[in-house]
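The values are calculated or read from the model by the stated rules, or taken from the named source; none is laboratory data. On a predicted model such as this, the values are computed, not experimentally measured, just so you know. Every residue, glycine as well, gets a Cβ built from its backbone with ideal geometry; the counts of neighbours run over all protein chains shown.
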Amino acid sequence: MKVLFTLLTSFLFFTIQISAQTYQEWVEKSCDYIDKGDLVSAEECLKSAMRLEPGNATNFALLSNLGTLQRRQGKLQEALLSYTAALSRHPRSITILENRASLYSEMGETEKALNDYNVLLSIEPDDQEALFSRGMLFLQTKNYLSAEQDFDRILEVNEKSVRGRLGHAILEKLRGNYDFSERILNYLIKEMPREWILYEERADLYFLMGKNARAMADISRLFAETTPTASLYVLRGKVKIAQFERESAAKDFEKARELGYDSDVIDELLKFTK
């Protein structure tokens, strides 16, 4: 009986080892598929790992990774379910809270995004990325005072922060303090001439100020140095309308639509190109 017990124990230990190794193999295969750009197969590998060991303590991390893979494929609702499941297992994870908050923001669920950022910042009050993201959401809801407090906090944590100063530049632009906003952006661009987001913000500011030639100069640089985004095509289209280049503006708006910009907004903008 003792020999039988020993054999059974050895067999169970061997089985557990194989199971753990197989779980790890699925995870490693997922990474391999990600490196190859095959997100569908990477997603299935993570699901297989969790099916194999549904009680594995590290599944919260796999669920978070699964959500990110689904998000990159445009499966936003599925990604939301994955992030939420991950948080149910690890509710104080800064990374997962950030993932879900940014996803809510992408989906237009501003209040839910704010709730997640509030939880995140209650855990890690000095998280600069979360402070900036929450500040930008406050700007969307016209809660300028709260946005200003978040941007101020970033600069308290890191007085050299680009994000903190950029937040103030956008805030002042929205308040109509264009000259102050321009001074901030000019300073940032002088200090960091290859921070491309600064040029897009300054181009938008120049457009609002009626300085369309300057706006187009910044936009042209972005088109030459970066891969243009949908929002950049929209901005260039707006500047072209101001310069009476309506046919060319319409092409930019349609390109923005192809890149995923809100189709209803594009339809409204196209009315100005007729």
When both residues are 6+ apart or on different chains and their Cβ atoms are under 8 Å apart, which pairs have a first residue that lies in the stretch 72-85 and is not assigned by TED's automatic domain parsing to the domain that holds Asp116, and a second that is outside any loop (DSSP other than H, G, I, E, B) and of a type in the set (D, E, K, R)? Gln73/Glu43; Leu76/Glu106; Ala79/Arg71; Leu80/Arg100; Tyr83/Arg100; Thr84/Arg100
When the residues of the stretch 95-114 are filtered to those that are under 12 Å from the mean Cα position of the chain (by Cα), surrounded by 14 or more Cβ atoms within 10 Å (Cβ to Cβ) and farther than 18 Å from Leu131 by Cβ, which remaining residue is modelled with the highest pLDDT? Leu103
Could you please tell me which pairs satisfy a Cβ distance under 8 Å, a separation of 6+ or placement on different chains, a first residue in the stretch 181-197 that is outside any helix (DSSP H, G or I), and a second residue that is surrounded by 14 or more Cβ atoms within 10 Å (Cβ to Cβ)? Met192/Val162; Met192/Leu198; Glu195/Val162; Glu195/Leu188; Glu195/Ile189
Which residues, taken from the stretch 51-64, are touching a residue at least 12 places away in the same chain (Cβ under 8 Å), surrounded by fewer than 20 Cβ atoms within 10 Å (Cβ to Cβ) and assigned to a helix (DSSP H, G or I)? Leu52, Phe60, Ala61
Scope the stretch 225-258; condition under 19 Å from the mean Cα position of the chain (by Cα) and part of a loop (DSSP other than H, G, I, E, B); matching residues: Thr226, Thr227, Pro228, Thr229
Select from the stretch 156-179 the residues that are within 19 Å of Asn118 (Cα to Cα) and either surrounded by 17 or more Cβ atoms within 10 Å (Cβ to Cβ) or of a type in the set (A, V, I, L, M) (or both) and list them in ascending order. Val157, Arg163, Gly164, Gly167
